[in-house]
1. Mind checking which of V19, Y36, A52 is farthest towards the positive end of the range 1-100's charge dipole, using Cβ charges of +1 (Lys, Arg) and -1 (Asp, Glu) about the Cα centre?
2. Out of residues 5 or more away from V32 or on other chains, whose amide H comes under 5 Å of its own, with H placed 1.01 Å from N in the peptide plane?
3. Using the Kirkwood radius over Cα pairs, work out the Stokes-Einstein diffusion coefficient for the range 1-45 at 10 °C and 1.306 mPa s, in µm²/s as a whole number.
4. Using the structure shown, select from K17/K134; K66/K134; K27/K66; K66/K140 the pairs with a Cα to Cα distance greater than 26 angstrom.
5. With springs connecting C-alpha atoms under 10 Å apart, model the chain as a Gaussian network and identify which of E28, E99, E88 has the largest mean-square fluctuation.
6. Can you pull the one-decimal nm distance between simple spin-label points at S50 and K27, each 7 Å off the Cα toward Cβ?
7. What does the charge dipole of the range 1-50 about its Cα centre add up to, to the nearest 20 debye, if the Cβ of each Lys and Arg holds +1 and the Cβ of each Asp and Glu holds -1?
8. Read phi for every residue in the range 88-101 and hand back ³J(HN,Hα) as whole Hz from Karplus 6.51 cos²θ - 1.76 cosθ + 1.60, θ = phi - 60°, with x for Gly and Pro.
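Coordinate-derived values only; no laboratory data. Values in this document were obtained by computation on a predicted structure and should not be read as measured data. When we count neighbours, we look across all protein chains shown, and the Cβ atoms used for this are built from the backbone with ideal geometry, even at glycine.
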Amino acid sequence: MFRRILIPTDGSTVAGKAVRAGVRFAKETGAVVVGYCAIEPVIVYSVRESTASHRRRVAELERQTKAAAEGYLAVMRKQAAAAGVRFESLCDRAATPYEGIVAAARRKKCDTIFMASRGRSGLQKLLMGSVTSKVLVRSKIPVLVYR
């Protein structure tokens, strides 16, 4: 039933737990893990900086963000290898994490998304929203939420 499972990560502790559980799930089902990390646009506001200095700072922040994302995926790759699970990864720019997750699942032809939920509720969830709930609403494939 599950052949290609997208597991998104943001490097957080909660996402790390979902990654470990997702890799175990992939092993049990014989699926390939597709690790994904969205790189959000870097926005820096500066009144006193020159345009060239501003561009350099944005470029450096983007480089650091991409390096961190690749590091999160490297950890996932090691976990998959240790479990004997085939692994692919994708790290790309996305306007928002949820849009990136849904697009990555479609692009990589995944048949499910396995992701964490932070467990926010009430006013906090209403004000902040949830990447998981936005993926649930927009995904055309099943989404398994790990708590």
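1. V19
2. R4, I5
3. Numbers: Rh = 11.7 Å.
Estimated diffusion coefficient is 136 µm²/s.
4. Values: K17/K134 20 Å; K66/K134 23 Å; K27/K66 28 Å; K66/K140 28 Å.
In this structure, K27/K66; K66/K140 lie more than 26 Å apart at Cα.
5. E28
6. 5.5
7. Numbers: 7 positive and 4 negative charges, 67 e Å.
The calculated dipole for the range 1-50 is roughly 320 debye.
8. Using θ = phi - 60°, the values come out as 10, 9, 8, 9, 8, 6, 9, 4, 9, x, 5, 5, x, 4 Hz.
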